[in-house]
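Report on the structure given below.
Derivation of every value follows stated rules applied to the coordinates shown; laboratory data play no part. Computed from a predicted model, the values in this text were never measured in an experiment. Cβ atoms come from the backbone with ideal geometry, glycine included; neighbour counts cover every protein chain shown.
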Amino acid sequence: MKTIFSDKATIVIRAMLSQPERKWVARDFEKEFNVGRSRAAAVLSILRKKGFVGGIRSGRLAHSILLNKKALLDEWLKFYSFELNKIYLYYSSYGDALPRLKDYFDTKKLTHGYALTLHTGANFITNYVNTQAVYCYLRSEGFNEVSLDLRQALNLKELRRGGNFYLIRPYYKNDVFFNNKKINGYNIASCLQLYLDLYNFPQRGREHARYLLKILKEEGKNFV
């Protein structure tokens, strides 16, 4: 299953989850999401064999359509946990660390260079877990340079444990920023990524993931 839950390949899954009623062909992913046609076809083939995708196999009307969203997510959660990311722990003495983070990226004109995740990001939707910790994805490209500059700007102190500010080099370096949301001026990881990150997270993660899903359903919002 690593083939379909690897970086780049999950763009196919993320796209299908974002438009669950759509009929897809491999070239759609190439044209719209820059996923090679052969890779997309291979992922669709595996999804079909596992029963997550149906549709017409061949001919002029050939297509693939998502069949079982929940089962696919459950399978993904067996493979993925937040700990697959590279996580760097720091301490911030500022009570307004989040606004300072936002101001940094706004000033640098890198407003899409980060995404908040775990409780930090989900709280913008749920306001469910009381925490001062900041969990922030940075893009893999230029990660070392940006993280160093950000640490200096926010006066972050490197720690082995007991910190409250986490900079994250994403496992899904190409996909983790897919369908990010802008909420109150902050970049938030997609609801799908929040759910994936939270679900196996030990500190009230599964509880928060389920509450996030409940809120989205009640508000009639797209999960992805």
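Remarks
- One Cα centroid belongs to the stretch 163-224, the other to the stretch 40-117; the line between them spans 9 Å.
- For the stretch 1-78, applying the loop criterion from DSSP together with a ceiling of 11 other beta carbons within 10 Å to the GluC sites (Glu not before Pro) yields 21.
- The chain shape via C-alpha gyration tensor axes, a/c threshold 1.5: prolate
- The aspartates and glutamates whose alpha-carbon is closer than 17 Å to the alpha-carbon of residue 102, local same-chain residues fewer than 8 away aside, are 149.
- Nonlocal Lys pairs with alpha-carbon distance under 24 Å, the stretch 10-79 (8 or more apart, or different chains): 14
- Cross-link partners of residue 86 among lysines, defined as those whose alpha carbon lies under 16 angstrom from its own and excluding same-chain residues fewer than eight positions apart: 173.
- Distant-in-sequence amide H partners of residue 201 (H built 1.01 Å from N, under 5 Å): 206
- Calculated P(r) tail over 23 Å for the stretch 1-84, as whole % of Cα pairs: 15 percent
- Estimated vicinal HN-Hα couplings, Hz - the stretch 29-44 in sequence order (Karplus 6.51, -1.76, 1.60; Gly, Pro = x): 6, 5, 6, 9, 10, 6, 9, x, 4, 5, 5, 4, 5, 5, 5, 4
- Backbone phi angles across the stretch 162-171, fed through the Karplus curve with coefficients 6.51, -1.76 and 1.60 (θ = phi - 60°), yield HN-Hα couplings of x, x, 9, 9, 10, 9, 10, 8, x, 5 Hz in residue order; Gly and Pro are listed as x.
- Ranked list, fewest to most other Cβ atoms within 10 Å of each Cβ, for 107, 131: 107, 131
- Per-residue [θ]222 nm for the chain (sum of -39500 (n - 2.57) over DSSP H runs n ≥ 4, rounded to 500): -13000 deg cm²/dmol
- Filtered GluC sites (Glu not before Pro), the stretch 119-224: DSSP coil and at most 10 other beta carbons within 10 Å: 141
- Restricting the stretch 11-104 to trypsin sites (Lys or Arg not before Pro) that sit in a DSSP loop and have at most 12 other Cβ atoms within 10 Å of their own Cβ leaves 57, 60.
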